[in-house]
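The values are calculated or read from the model by the stated rules, or taken from the named source; none is laboratory data. Keep in mind the model is a prediction, meaning the values are calculated, not measured. Cβ sites come from the backbone with ideal geometry, for glycine too, and all protein chains shown count toward neighbours.
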Amino acid sequence: MDTEIINNIKVLGIDMINEAKSGHPGIVLGAAPTIYTLFSRHLNINLNDPYWINRDRFVMSAGHGSALLYATLYMAGFDLTIDDLKQFRKLNSKTPGHPEFGVTPGVDVSTGPLGQGFATAVGLALGDKILEQKYFLTEKSRFGKESKELIFDHHIYCLCGDGDLMEGISSEAASFAGSYALDNLIVLYDSNHISLDGSTDFSFNEKVLERFKAYGWHTDYVGNGNDVNAIDKAIKEAKSSKKPSIIEIRTTLGEGSLLAGTNAVHGAPLTGEDIFQLKEKLGWNTTPFTVSERAVNNFRRQIQEHSKAKYEEWAREYRSYVNDHLGGNTSEFDYLFGRDQQINILDFRSNVMKDDKEELRVTNQKIMDQISDVMSYFIGGSADLRSSTKTYLSKRADITRENYTGSNIWFGVREHAMGAILNGLALSNFKVFGSTFLAFSDYMKPAIRMSALMKIPVTYIFTHDSISIGSDGPTHQPIEQLAMLRSTPNLNVYRPCDENELIGAWQDILSLKRTPSSLIVTKNAVPVLESSSRELVKQGAYIIHKEREHLHGILLATGTEVHTALRVAEQLYQEQCLDIRVVSMPCMERFLEQSEELQKEILPVGVRVIVIEAASSFGWHRFVYHDRYLLTVDQFGASGTKDEVLKSCQFDYETIKERVIKLLK
């Protein structure tokens, strides 16, 4: 029975790749027994309730093995057809080249760059541990002893390969998982010792299990990747461990192919001759996309046999918790079902006294504390920079390996992993944030990209936002990072100028369910401007200072540069009779979504626009007639005092003012 199902998964995967004339047959043939064992004997899912919140999650970190996953999902009974399999890697199909969340039924995570899926699985595991301790039933047995019935106790399974474990992000994530004792995480390591370019003997000959043991993981080894019972036994032992687990399963890449065990079978379709001999060897009909009804029925029955009881047990425990602890009201679980509560923070009280200044990062912490008061599932942390980024929720406890019920996560110096872990938590429907310096956002780019691709509302908070940080030097002074973030599709980048715009930005961020955000917060002390708006941040830009009579030009600025632009506008009116409008643009992406009518109302056609921003000019050309109207910074900074660095980059106030005069006269 096992062999027939495994062989059907193999031939479907090979036929998909052959039909697409593109794909990775090696992992299909080598890892089919592994994925079969997991689905048939362990993975708790309910096809009648595919989004069951306590289902086990499966992450295909080796995303190039998508044909293997899609064939398995079809065989398991998810909403996929043979026609869907035939459309593998074709435009707008349900079977894209790599697994995509929200596109293919049964796919819990989009995985692209190797290692991202591994690290996202760590985030999913942390999310479950938080829920596990937050919601449970304590009952007294007939012997008078207390027992704890868990409402949330699912496992996160991840299939990875040598490539995933070579990537640095997996090391960061594995270290984090060991530190937090995420015992619900089980990684199945498809160990075939072949990468795209050849044998891993050239590049990856470390003792992987010893490395993970040092991280604090439970480790196991299965020497024969075709031995379903051995794989099953290893998974059972991993489930009983009090540590995260990795099982190295020794396989042969392209098992059964004429090219088995070589890199030639990794990333190119098999020849017709090879496919024919493979199917003959497996005793399979050579007609493409042949499916054994007996194999399908047996596979689905096996899945139901171990999942049905688990689902029914969970349903009883869930109803009991709701009735006994919540009086029948299920609203506390709304966020877990994706029903995010709508909160209004626009009336949050100002923390900065009139005519006074406060570092905007400090103001941000106060706002975040208030958000945590009304949103219990608001969680996050920083890459060991909470004292600098000020993103610690002071009213909330820490999440630790002993107690997961807090809200503050200590990510350590692990920017790469932090972003992907946040993605996993967001996929568990937590409202999450992570922070570091803006210059270090480069370390997080792949995870940010995956947030945007999956359309999940992660908030990335970046401080130390310009060359004005001075003495830290050019390594810490961001130049190109804002342009990089703004160039990412489906990512909103907010750079507020004061507390009002900051509150408006948070209101917009919390209202968007399918868009991640980058919130850029200065460490500089700024006053609250009388003309700034909380309400208008959602339209991306607005007139923060209107011309008095005749419009001579527009200064378009973001962040702290808005204060500079306002000062320049006022001074030039008094000294030069130049009547200047100032437009604050806290979010370029939101402005570009507005109607053409509104855009022209704020930035009229035919009026000279001068952009002032202490970062790269890239991306601002759409608003100006010529490069000379871009007062930006297109060079790396320097190490020195704030004033020295601004002067050296021609971004001190007097230089900006003189440049504006020349441009408008």
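Counting only residues that are of a type in the set (A, V, I, L, M, F, W, C) and modelled with pLDDT of 95 or more, how many does the range 347-361 have?
Total satisfying the criteria: 1.
Starting from the range 327-346, take each residue that is farther than 18 Å from A426 by Cβ and at pLDDT 85 or above and list its partners that are among the acidic types (D, E) and outside any loop (DSSP other than H, G, I, E, B), counting only C-beta distances under 7 angstrom and pairs at least six apart or across chains.
L346/E535
Scan the range 238-268 for residues that are more than 22 Å from D164 (Cβ to Cβ) and either in contact with a strand residue (DSSP E or B) (Cβ under 7 Å, 6 or more places away or on another chain) or small (G, A, S) (or both) and report the count. Reasoning before the result, please.
The initial filter retains those residues of the range 238-268 that are more than 22 Å from D164 (Cβ to Cβ), namely 240, 242, 256-259.
With the extra rule that they be either in contact with a strand residue (DSSP E or B) (Cβ under 7 Å, 6 or more places away or on another chain) or small (G, A, S) (or both), the set shrinks to 240, 256-257.
Of the residues in the range 238-268, 3 are more than 22 Å from D164 (Cβ to Cβ) and either in contact with a strand residue (DSSP E or B) (Cβ under 7 Å, 6 or more places away or on another chain) or small (G, A, S) (or both).
Considering only the range 608-615, I want to know if a residue exists there that is at pLDDT 95 or above, in contact with a Leu (Cβ under 8 Å, 6 or more places away or on another chain), outside any loop (DSSP other than H, G, I, E, B) and basic (K, R).
So far as the range 608-615 goes, no, none of its residues is at pLDDT 95 or above, in contact with a Leu (Cβ under 8 Å, 6 or more places away or on another chain), outside any loop (DSSP other than H, G, I, E, B) and basic (K, R).
Going by the conditions given, is L592 of a type outside the set (G, A, S) and surrounded by fewer than 21 Cβ atoms within 10 Å (Cβ to Cβ)?
yes
Say whether the condition of being over 30 Å from S511 (Cα atoms) and touching a residue at least 12 places away in the same chain (Cβ under 8 Å) is met by at least one residue in the range 537-547.
yes
Of all residues in the range 374-384 being modelled with pLDDT of 95 or more and in a loop (DSSP other than H, G, I, E, B), which is nearest to the chain's Cα centre (by Cα)?
So, considering only residues that are modelled with pLDDT of 95 or more and in a loop (DSSP other than H, G, I, E, B), the one nearest to the chain's Cα centre (by Cα) is A383.
Only one of S532, S517, S487, S511 is under 29 Å from V374 (Cα atoms) and surrounded by fewer than 22 Cβ atoms within 10 Å (Cβ to Cβ). Can you tell me which?
Residue meeting the stated conditions: S511.
Within 30 Å of the chain's Cα centre (by Cα) and under 21 Å from A505 (Cα atoms) - does that describe any residue in the range 600-614?
yes
Might you check whether a residue that is at pLDDT 95 or above and part of a loop (DSSP other than H, G, I, E, B) occurs anywhere in the range 35-42?
Scanning the range 35-42, I find at least one residue that is at pLDDT 95 or above and part of a loop (DSSP other than H, G, I, E, B), so the answer is yes.
Please specify each residue of the range 490-508 satisfying the condition of being buried (at least 23 other Cβ atoms within 10 Å of the Cβ) and under 17 Å from G434 (Cβ atoms).
N492, V493, Y494, A505, W506
Considering the range 532-572 alone, what residues qualify as being in contact with a Leu (Cβ under 7 Å, 6 or more places away or on another chain) and among the basic types (K, R)?
R534
For the range 48-87, which residues satisfy the criterion of being β-branched (V, I, T), modelled with pLDDT of 95 or more and not in a helix (DSSP H, G or I)?
V59, T81
Answer yes or no as to whether S394 is more than 22 Å from the chain's Cα centre (by Cα), farther than 24 Å from N184 by Cα and at pLDDT below 95.
No: the conditions fail for S394.
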